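Engineer: Could you have a look at this structure, given as structure tokens, before my questions?
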Amino acid sequence: MKKVFTWSHVPLYFLLLIVLPTAGTLLAAYLAIFEGMISWRDIIIFAVMYVITELGVTVGYHRMLVHQSFQTNRVVKFIFLMLGSMTMQGPAINWASIHLKHHAFTDDHEDPHSPTMKGWLHSHFGWIFSTTPQEVEQARQTFGKKFYQDKLIVFMNKTFFLWTVLGFVVCYLAGGWTGLLWGGFVRLFFTLHVTWSVNSVCHIFGTRLFNTTDESKNNFIIGLLAMGEGWHNNHHAFPRSAFHGMRWWQIDFSGYLIRGMEAVHLVKNVYRVPEKVLAEKAVK
């Protein structure tokens, strides 16, 4: 069996994913409130890093890699996979394989992170530490074999840690220690919990626009914070759609970016759900 990267059963990764981002966020808040140690540069570094790395997950890892909602050139693919890696959510092939397993068994016992099966905390981040290396490998073998046909994806998967570290280095170079604190640790805290909230919150709280066999919900707040991923019922109804916001008021920043890239010919073969199909599956 191949040796695979996994967050499971490794206290170091609990430290990296939970303890350090939380401690960094609390420290940043303390320094800002009681010591006045925050500047517009820190806020800008945080905002820019949050937006581009969150888009790395939503557009790169999710819509481009997992669901192949559009096609693009290797430079754009490299950039999105690099930005997605900076969120420390795991190598691209692991992430994609686990997500495809989620779609195959949504809200069933085989779902890696269903709140309806094992509760909110498990679906939010508990599943990361209870998933065994064997389960990760099984997901890769069952759902991820196709990704190994692309040498760029394999390369980005193998060099995951390099891009994660680069994200922190860029923040330090841009703003020193406070830039590292806000653009690195505070940003990481928010990107992790926002992404995890799509798995947890969006299977518990919200509304449903389409009929699906699972408990997926559309959640406006997560929709905003997760660049459109919070329109989760829409996504589960039409997983391959490049656009998760399917009403004018459903803000989908990832979808807007894809449309913009399509307009300047950076992406092609963008998948859109036909209006007739949307109407047939809509909740009456």
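Values quoted throughout were computed directly from the atomic coordinates according to the rules given, and no laboratory measurement underlies them. Fair warning: this is a prediction, and the values are worked out from it, not measured in the lab. Note: ideal-geometry Cβ built from the backbone for every residue, glycine included; neighbour counts use all protein chains shown.
Engineer: For the pair residue 154 and residue 264, how long in nm is the line joining their label points, each one 7 Å along Cα→Cβ?
Structural biologist: 3.2 nm
Engineer: Is the C-alpha gyration tensor of segment 69-192 telling us rounded, prolate or oblate? Criteria: a/c under 1.5 is rounded; beyond that, a/b larger than b/c is prolate, otherwise oblate.
Structural biologist: In terms of gyration-tensor shape, oblate.
Engineer: Can you pull out the GluC sites (Glu not before Pro) in segment 208-284 whose DSSP state is coil and whose Cβ has at most 10 other Cβ atoms within 10 Å? Show your work: numbers first, answer last.
Structural biologist: Numbers: sites: 215, 229, 262, 275, 280; in loops: 215, 229.
Of the GluC sites (Glu not before Pro), not one in the loops of segment 208-284 has a Cβ with at most 10 other Cβ atoms within 10 Å.
Engineer: Still on this structure: Show me the chymotrypsin sites (Phe, Trp or Tyr not before Pro) within segment 95-146 that DSSP assigns to loop and that have at most 16 other Cβ atoms within 10 Å of their Cβ.
Structural biologist: 105
Engineer: Segment 132-190: Rg/Rh from Cα coordinates, Kirkwood Rh?
Structural biologist: Here the Rg-to-Rh quotient is 1.18.
Engineer: How charged is the neighbourhood of residue 78? Take every other residue with its Cβ under 12 Å from the Cβ of residue 78, and add Lys/Arg as +1 and Asp/Glu as -1.
Structural biologist: Local charge sum for residue 78: +2.
Engineer: I need the semi-axes of the equivalent ellipsoid of segment 106-255: take the C-alpha gyration tensor, multiply each eigenvalue by 5, square-root it, list largest first in whole angstrom.
Structural biologist: Working: eigenvalues 149, 97, 57 Å².
Gyration-tensor ellipsoid for segment 106-255: 27, 22, 17 Å.
Engineer: Another question about this same structure. For segment 62-139, take N as its residue count and report Rg(C-alpha) divided by 2.2 N^0.38 Å.
Structural biologist: Normalised Rg, Cα atoms only: 1.19.
Engineer: Let me ask another. Quote the charge dipole size of segment 150-235 about the Cα centre in Debye, to the nearest 20; the model charges only the Cβ of Lys and Arg (+1) and of Asp and Glu (-1).
Structural biologist: Values: 5 positive and 4 negative charges, 32 e Å.
Using Cβ point charges on Lys, Arg, Asp and Glu, segment 150-235 gives about 160 debye.
Engineer: Next up: Semi-axes of the equivalent ellipsoid for the chain, please: Cα gyration tensor eigenvalues, times 5, square-rooted, ordered largest first, whole Å.
Structural biologist: For the chain, the ellipsoid semi-axes come out as 28, 22, 21 Å.
Engineer: Considering only 101, 158, 217, give the residue with the highest GNM mean-square fluctuation for the chain, with springs between Cα atoms whenever their separation is below 10 Å.
Structural biologist: 158
Engineer: For segment 194-284, which chymotrypsin sites (Phe, Trp or Tyr not before Pro) are both in a DSSP coil and crowded by at most 11 other Cβ atoms within 10 Å?
Structural biologist: Answer by residue number: 248, 249.
Engineer: Positive end of the dipole of segment 11-281, charges at C-beta (+1 Lys, Arg; -1 Asp, Glu), about the Cα centre: which of 254, 204, 33 has its Cα farthest in that direction?
Structural biologist: 254
Engineer: Nearest 20 debye, what's the magnitude of the dipole of segment 1-149 about its Cα centre given +1 on Lys and Arg Cβ and -1 on Asp and Glu Cβ? Before the final figure, lay out each step's value.
Structural biologist: Details: 11 positive and 9 negative charges, 132 e Å.
About 640 debye.
Engineer: Roughly speaking, what is the stretch gain from residue 249 to residue 283, that is 0.36 nm per residue apart minus the C-alpha to C-alpha distance, in nm to one decimal?
Structural biologist: 10.5 nm
Engineer: Please check: in the Gaussian network model of the chain (C-alpha springs, under 10 Å), which one of 226, 104, 32 has the largest mean-square fluctuation.
Structural biologist: 32
Engineer: Could I ask something else about it? Once you order the gyration tensor axes a ≥ b ≥ c over the Cα atoms, which shape class does segment 205-284 get: rounded for a/c under 1.5, otherwise prolate or oblate by comparing a/b with b/c?
Structural biologist: Oblate.
Engineer: From the helices alone, meaning DSSP H stretches of at least four residues, give me the mean residue ellipticity at 222 nm for the chain, per-run term -39500 (n - 2.57), in deg cm²/dmol to the nearest 500.
Structural biologist: Estimated from H runs of four or more residues: -16000 deg cm²/dmol.
Engineer: While we're here: Please label the shape of segment 1-132 as rounded, prolate or oblate, based on the square roots a ≥ b ≥ c of the eigenvalues of the alpha-carbon gyration tensor (a/c under 1.5 means rounded; beyond that, a/b larger than b/c means prolate, else oblate).
Structural biologist: The shape class here is oblate.
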